[in-house]
1. Taking all pairs of distinct Cα atoms, average 1/r, flip it, and tell me the Kirkwood hydrodynamic radius of segment A:17-129 in Å to one decimal place.
2. Counting pairs of Cα atoms in chain A, how many percent are more than 39 Å apart?
3. Any chance you could list the semi-axes, whole Å, largest first, of the equivalent ellipsoid that the Cα gyration tensor gives for segment A:144-222, using √(5λ)?
4. Using the Cα centre as the reference, give the magnitude of the dipole from point charges on the C-beta atoms of chain A (Lys, Arg: +1; Asp, Glu: -1; all else neutral), rounded to the nearest 20 debye.
5. Using a 10 Å cut-off around each Cβ of peptide A:205-218, what is the average number of partner chain Cβ atoms that fall inside?
6. What is the magnitude of the charge dipole of the protein assembly as shown about its Cα centre, with +1 placed on the Cβ of each Lys and Arg, -1 on the Cβ of each Asp and Glu, and no other charges, expressed in debye to the nearest 20?
7. Count, for each residue of B:283-296, the Cβ atoms from other chains sitting within 10 Å of its Cβ, then give me the mean as a whole number.
8. What does the copy distance list look like for B:Asp44, label position 7 Å along Cα→Cβ, in nm and ordered from shortest?
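Just so it is clear, none of the values below were taken in a lab; they were calculated from the coordinates. A quick note: this is a predicted structure, and the numbers were derived from the prediction, not measured. In this analysis, Cβ positions are derived from the backbone assuming ideal geometry, glycine residues included, and neighbour counts consider all displayed protein chains.
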Number of protein chains: 2
Amino acid sequence: MRHIPVPLISPADALPGPYLLFLGDTKEPAYAKTAFGLRDWAADRCVGEFHIEGATVSTGLAAMTPAQAHANGARALVIGVANAGGFIPDHWQPALVNAMEAGLDIISGMHTRLADMPALQAAAIRTGRQLIDVRRPPSDIPIANGRKRSGKRLLTVGTDCALGKKYTALAIARAFSFRGLETHFRATGQTGILIAGGGIPLDAVVVDFAAGAAEMLSPDASENHWDVIEGQGSVFHPAYAGVSLALLHGSQPDVIVVCHQPGREHVLGHSQFRVPSIEETIALTLQLGRRTNPCIRCAGVSLNTAHLGEAEAEVLLASESLRLGCAVADPIRGGAAFDRLVQACLEN
Amino acid sequence: MRHIPVPLISPADALPGPYLLFLGDTKEPAYAKTAFGLRDWAADRCVGEFHIEGATVSTGLAAMTPAQAHANGARALVIGVANAGGFIPDHWQPALVNAMEAGLDIISGMHTRLADMPALQAAAIRTGRQLIDVRRPPSDIPIANGRKRSGKRLLTVGTDCALGKKYTALAIARAFSFRGLETHFRATGQTGILIAGGGIPLDAVVVDFAAGAAEMLSPDASENHWDVIEGQGSVFHPAYAGVSLALLHGSQPDVIVVCHQPGREHVLGHSQFRVPSIEETIALTLQLGRRTNPCIRCAGVSLNTAHLGEAEAEVLLASESLRLGCAVADPIRGGAAFDRLVQACLEN
C-alpha cells in the first residue's frame with residue numbers, strides 16, 4: 001500500500017514540490033516523524049533526503065545534495081525534523097542557504113518562523129526563493145456562510161487528540177483513490193499539509209473564521225467527488241472543542257468516521273477529564289453536525305491498536321464491531337476489516 | 001438605574017480612564033452606538049464629549065476640549081462613533097493628535113488599527129501617549145486547562161447573534177452589584193470591553209486559544225464572587241458555534257441565561273438557517289456545558305422585546321414564563337419580571 005500516492009489538494013493551493021527531505025544532524029528517530037510521514041504518505045512528492053554532519057537517522061530515500069536534488073526535479077526543501085525545543089538551530093542555516101542557492105524553496109512546519117531568521121531572509125531575497133511556513137493560514141479566509149456545497153465529504157472525528165484522525169483520513173483517501181474515486185485529502189494540520197502539498201492549519205486561524213476556513217478547504221466539487229478531511233481535537237475536549245465544532249460545521253460532512261485509542265481513559269494532558277465513549281462521540285457529533293448537513297451519518301470506527309499484538313487487535317476489532325453494530329477497523333493494519341469500513345463510507 | 005456603575009474588570013487589565021467620548025462630525029445617531037452605550041453603562045467612566053465641526057449627534061454629556069477633559073480627570077479619548085466604512089477618516093486625525101497633545105491616550109474599537117495611521121503613530125511617539133486597539137487580544141493567552149476555578153460564574157448565551165447577550169449580562173451584573181454582591185462584568189467584545197474598561201475580544205483570538213481566553217477572563221475568585229460573562233454567538237450558529245462552545249467550556253458557568261428575540265425566525269445573515277427554539281438552546285447548552293461544569297443550570301430567559309409595546313411585552317413575558325416554567329424578563333424593561341430572573345440566578 002505504501003506507494004500509492006495520496007491525492008493532492010487543488011494545485012491552486014499547492015506547495016512547491018517535489019521535496020528534498022532535510023534531516024539536519026538528527027540522531028533521534030522520534031524527532032524525524034515529519035520526514036517518515038512524508039516518505040510513507042507522499043512518496044511521489046519526495047526526491048531524496050539531505051543531512052548534515054552528525055546525522056544517524058535516515059528515511060531510506062537516496063541521500064543527495066540540494067544541487068543533485070534540484071537536478072532530479074526537487075523544487076523545495078522540507079524541514080523534516082524537529083529538535084527538542086521545536087526551533088531551527090543556527091548550525092542548520094548554512095545547509096538551508098545552500099538549498100536556496102541550488103534553487104529550492106524552503107518549507108517548514110515548525111513554530112519558529114523562517115522569515116524571522118535574518119540569514120535565511122537575506123538568502124531568500126538574494127536567490128529569489130520562497131520561505132514557506134505551513135503553520136500560517138491564508139489571509140483571505142471568509143466568514144462561513146453555511147451554504148450546502150456540492151460533492152461528498154468525509155470528516156474524521158476523535159474521542160481525543162493525537163489518536164489517528166490524520167492517518168485514518170489519509171488511509172481512507174488512499175483507499176477511495178485506489179477504487180478509482182475522484183478524491184482529495186484535505187489537510188488541517190501542518191504534517192497533513194506537507195503530505196497533501198496544501199491545506200489550512202486550522203489551529204492557527206482566528207476563531208471567528210474557523211468555520212469559514214473549513215468551508216474554504218473543501219469547495220464545491222462534482223457530485224461523485226469525495227473530500228476526505230483531517231479532523232482536529234474532539235467536541236468533548238476542554239481546550240479544543242471549539243476547533244472541532246467549527247471544523248464539523250464548516251466541513252458539513254456526509255460521513256463521519258470516529259477515531260479512538262482503546263485503553264485511553266483520560267484526555268491527553270487533561271487527566272481530570274475522562275475520554276468520552278465511542279457511542280457518546282457518535283451521538284454528539286451527529287447531533288451537532290446535522291445543523292449544516294441534516295444527512296450526516298456515521299460510517300464506522302477507526303481504532304488505533306498500535307499497542308496491541310496482531311491476534312489481540314483482531315479480536316478487539318471484531319468484538320467492537322459486534323458491540324457497536326458498525327464497521328470497526330485499524331487503517332494502519334488494513335485487511336478485510338478496513339475494506340468493510342471503506343465500503344461503509346461509500347454506501348448510503 | 002442609569003447611574004449605578006457597572007463593576008469593572010480587575011485593574012491589572014484595565015484600560016486607561018476616565019474617558020472623553022469622541023463623536024467626530026457624526027450626523028447619524030445610529031453611528032454613535034458606542035458613545036451611547038458608554039454613557040448608559042459606564043457613566044462613571046465618562047467625563048464628557050468632544051466633537052469636531054459638523055457634528056449634530058450628542059450624548060448629552062458636557063462638551064469639552066481634550067485639555068478641559070484632561071483637567072477634569074480624563075486620561076483617554078474613546079472613539080465613540082463609527083462611519084459607514086468602519087474606518088477612521090483622515091479629517092478626524094487632527095482632533096486625535098490634539099487629544100494626545102493634551103495628555104490623553106487614544107482607545108479605538110474600530111477595525112482600522114490606530115498604529116497603522118502614520119500621523120497618529122508619530123504623535124503617539126512624540127507625546128508619549130498610547131494607541132490602544134481593543135480588538136487586539138492579549139499575547140499571553142494560555143491553552144485552556146479545564147481546571148475548575150473558585151467563585152461563581154454566569155454566562156449569557158443566545159439563540160442567535162445580536163439580540164441582547166451583552167446588555168443582559170450588563171443588567172444582571174448591575175443588579176447583582178446593587179444587591180451588594182461582589183461582581184465583575186467580563187467583556188468578550190469591543191463595546192463591552194470599553195464599558196468594563198477591560199476584557200478580551202474573543203472573536204479575534206486564534207481558535208486553539210479561545211477556551212484559554214475564556215479561562216483567563218474569569219480567574220479564580222472568592223466563593224461568593226460572581227463573574228457575569230458576556231456571551232458570543234450561539235452553539236447553533238453556522239459560522240460562530242465554535243466561538244460559543246469555546247466560551248462555554250472556558251467560562252465553566254454555574255448559571256446560564258438564554259437570550260432570545262421573539263419573532264426572529266432566521267439566523268441574521270444566514271436566512272437558510274432557522275433560529276433554534278429557547279428549549280433547544282437550553283438543552284444543548286446544558287449538555288455541552290456539563291463537560292467543564294457538571295453543576296451548570298439555566299436560571300431563566302432574557303427576551304429582547306424592543307419591538308413590542310409595553311402591554312404586549314408584559315403579556316409575552318408572563319406567557320413565556322408559564323410555558324417554559326422559568327423566569328422570563330426583558331432586562332431593559334426591568335420590573336418585577338427582571339427581579340425574579342435575578343433572584344433565580346442566585347438561587348441554587
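1. Values: mean 1/r = 0.0729 Å⁻¹.
For segment A:17-129, the Kirkwood estimate is 13.7 Å.
2. 15 percent
3. 20, 18, 11
4. Working: 29 positive and 33 negative charges, 101 e Å.
In debye, rounded to 20, chain A gives about 480.
5. On the way: counts 4, 9, 20, 13, 5, 10, 8, 1, 1, 1, 2, 0, 0, 0.
The mean count of partner-chain Cβ atoms within 10 Å per residue comes to 5.
6. Numbers: 58 positive and 66 negative charges, 57 e Å.
Computed about the Cα centre, the dipole is about 280 debye.
7. Numbers: counts 0, 4, 0, 0, 2, 6, 0, 0, 8, 4, 0, 0, 0, 0.
Mean number of neighbouring Cβ atoms from other chains: 2.
8. With the label placed 7 Å along Cα→Cβ, B:Asp44 yields 6.8 nm.
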